[in-house]
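Remarks on the structure that follows.
The values are calculated or read from the model by the stated rules, or taken from the named source; none is laboratory data. Being a predicted model, the structure only gives us computed values, none of them experimental. Positions of Cβ are generated from backbone atoms using ideal geometry, with glycine treated the same way; all protein chains shown enter the neighbour counts. Ligands, DNA and RNA are excluded from the accessible area calculation, which covers all protein heavy atoms including side chains. Shrake-Rupley method; radii C 1.70, N 1.55, O 1.52, S 1.80 Å.
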Amino acid sequence: MLKVRTGTLAVAFVMLAALPATPPAAAQADVTVYEGARLIVGDGSEPIQDAAFVVRGTRFEAVGRAGDVAVPAGAARVDLSGHTVIPALVDTHVHLSREREALVEDLRRKAYYGVSVAMSLGWDAPGAPFEVRAETIPGAARFRTAGRGITRPEPGRPPLPYWITSAEEGRAAVRELATLEVDLVKIWVDDRGGRYEKMTPEMYAAIIDEAHRQGLRVTAHVFTLEDAKGLLRAGVDAFAHGVRDRDVDDELVELWRQRPHVVLVPNLPNRGVADDLGWLRETIPPDELEALQAQYTDRPDARESFGIQARNLARLNAEGVRIAFGTDGNAGWTPHVELADMVASGMTPHEALVAATRNSAALLELDDAGTVEAGKSADFVVLEANPLDDITNTRRIHAVYLRGAPVDRAALSARWTGGGSP
């Protein structure tokens, strides 16, 4: 039993009364200031050289030049001199796993490569995807979902979306999606190379109208120029792909000019050029990486398809169309390939980064993501080199922070490549 003499206890009370309620260092235990990096804010403004930003808990508290930002007493300090910081990326078009464990693993892979939010477009039934959407999982990207997308029947393909045969069936699907409060409604307007009947203008107009009645927005998988025009006339809110059959024309540009809120997510195809994927060795076992590397060779046929979409992206970007960002799959690393493809199409590295951060967050109506600004979620990527000099420098990741906490990339790498477990 602990024995305390009366006199000693009295002295202890006097000493405690004289102490401040909370020591200054303890009061700032959840505050860190990051100093010295080049900071690309994500809003298109000039990078801040020798920047400083304060993270309190999960949020940015102050952002500016070192010396201009007040450093709270007792804050931890991290020197990022020689590095570049960008906002974490927002991927608005993915198709991730639908079982909980696999989905969480997909979101960890996204986080490893600097993605803070991933939006699944059209393959999610009620259940695990919606449960994960409602959670914030440490070390993983946040999740958003369109639930089940809507298309015409496509026998032989996974029956995950709604297969509709009338405008009223399309409206009924939207009403069901509204009860789930999906983040977007996804539709497919594509005959898949002539294999299926394509959704008619009457059908997609009804879907768009019903979605707007329900307070939802619609993004469209599209292939042809004429369908893109029809969807613009019907009031679509975004495109999950660019026009892929031919170069866009003046009529499309004019339709888009009349609807400046409509967002384009280009989702570019494989460029058909050889590329060294050695930068993936930290997350992909050697045998798998060798097989993947074999796909990244010179392919003239792929270059032709890429050329059409690249020219279309370049023109629409030059015309002022709002460009966002998506990768159409579930590989964690593909955002860095998409960024390079966007730049190869004619966008500047800075434009591509804005598309992948601020613009994508806006498309998903996330007011706490996409830029390094006071009040927003502290989601950022520390790079070894400046991506404005070479967009492939986004692959040279030094660290990733989500909601103020570092992602344990070393542990994830060891687990995925067989080098050990966390």
Tell me, what ³J(HN,Hα) does each residue in the range 107-113 have, in order and in whole Hz, if you take phi through Karplus 6.51 cos²θ - 1.76 cosθ + 1.60 with θ = phi - 60° and put x for Gly and Pro? 5, 5, 5, 4, 4, 3, 9
Arg213 versus His95, label points 7 Å from Cα toward the beta carbon: distance in nm? 3.0 nm
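For n ≥ 4 DSSP H runs only, could you compute -39500 (n - 2.57) per run for the chain, divide by its residues and tell me the 222 nm figure to the nearest 500?
Taken over the chain, the calculation gives -9500 deg cm²/dmol.
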Determine one quarter of the surface area of the Cα convex hull of the range 233-370, which equals its mean projected area, and express it in nm² to one decimal. 9.3 nm²
Through the Karplus equation 6.51 cos²θ - 1.76 cosθ + 1.60, θ set to phi - 60°, convert the phi angles of the range 385-396 into ³J(HN,Hα) values in whole Hz; use x for Gly and Pro. 8, 7, x, 6, 7, 7, 4, 5, 5, 5, 7, 8
I want to check the label-to-label distance for Ala73 and Ala125. Put each point 7 Å from Cα in the C-beta direction and report it in nm to one decimal. 6.0 nm
Env charge @ Phe143, Cβ radius under 10 Å, K,R +1 / D,E -1, value -1
Gain upon complete extension [Asp50, Glu288; 0.36 nm per residue less C-alpha separation]: 81.7 nm
DSSP bridge pairs, the chain: antiparallel proportion in percent, nearest 5: 45 percent
Share of alpha-carbon pairs per 20 Å distance bin for the chain, given as whole %: 25, 52, 18, 4, 1
Ordered by residue, what ³J(HN,Hα) values in Hz, to whole numbers, does the range 83-91 give under the Karplus form 6.51 cos²θ - 1.76 cosθ + 1.60, where θ = phi - 60° and Gly and Pro are x? 10, 10, 10, 10, x, 4, 6, 10, 9
Where is the GNM fluctuation largest for the chain (alpha-carbon springs, 10 angstrom cutoff): Asp247, Asp209, Asp301? Asp301
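By how many nm would the segment from Leu388 to Thr136 grow when fully extended, if each residue of separation counts as 0.36 nm and the alpha-carbon distance is taken off?
Working it through step by step, the gained length comes to 87.6 nm.
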How long are the three semi-axes of the equivalent ellipsoid of the range 166-229, in whole Å, if each is the root of 5 times an eigenvalue of the C-alpha gyration tensor, listed from largest down? 21, 12, 10
Whose amide H sits under 5 Å from the amide H of Ser120, counting only residues 5 or more places off or on another chain, with H placed in the peptide plane? Val94, Arg144, Thr145, Ala146
Please build a GNM for the chain, connecting alpha carbons under 10 Å apart, and tell me which residue among Gln293, Gln309, Gln49 fluctuates the most. Gln293
Computed for the chain: size of charge dipole around the Cα centre, +1 on C-beta of each Lys and Arg, -1 on C-beta of each Asp and Glu, debye to nearest 20, value 1200 debye
Of the accessible area of the range 109-251, computed with a 1.4 Å probe and all protein chains kept, carbon and sulfur make up a percent value of 49 percent
Could you grab the Rg to Rh ratio for the range 304-352? Cα atoms only, Kirkwood for Rh. 0.96
Order the peptides 63-74, 104-115, 171-182 from the highest to the lowest mean number of other Cβ atoms within 10 Å of their residues. 104-115, 171-182, 63-74
Please sort 376-385, 353-362 by packing, taking for each peptide the average over its residues of neighbouring beta carbons within 10 angstrom, highest first. 353-362, 376-385
Rg/Rg_globular for the range 329-422, with Rg_globular taken as 2.2 N^0.38 Å and Rg from C-alpha atoms: 1.18
At what distance in nm do the modelled label points of Arg415 and Asp245 sit from each other, each positioned 7 Å from its Cα along Cα→Cβ? 4.6 nm
Pairs of lysines 8 or more apart, or on different chains, with alpha carbons under 22 Å: count those in the chain, would you? 5
Between Arg192, Arg311, Arg100, where does the largest GNM mean-square fluctuation fall for the chain, given springs only between Cα atoms within less than 10 Å? Arg192
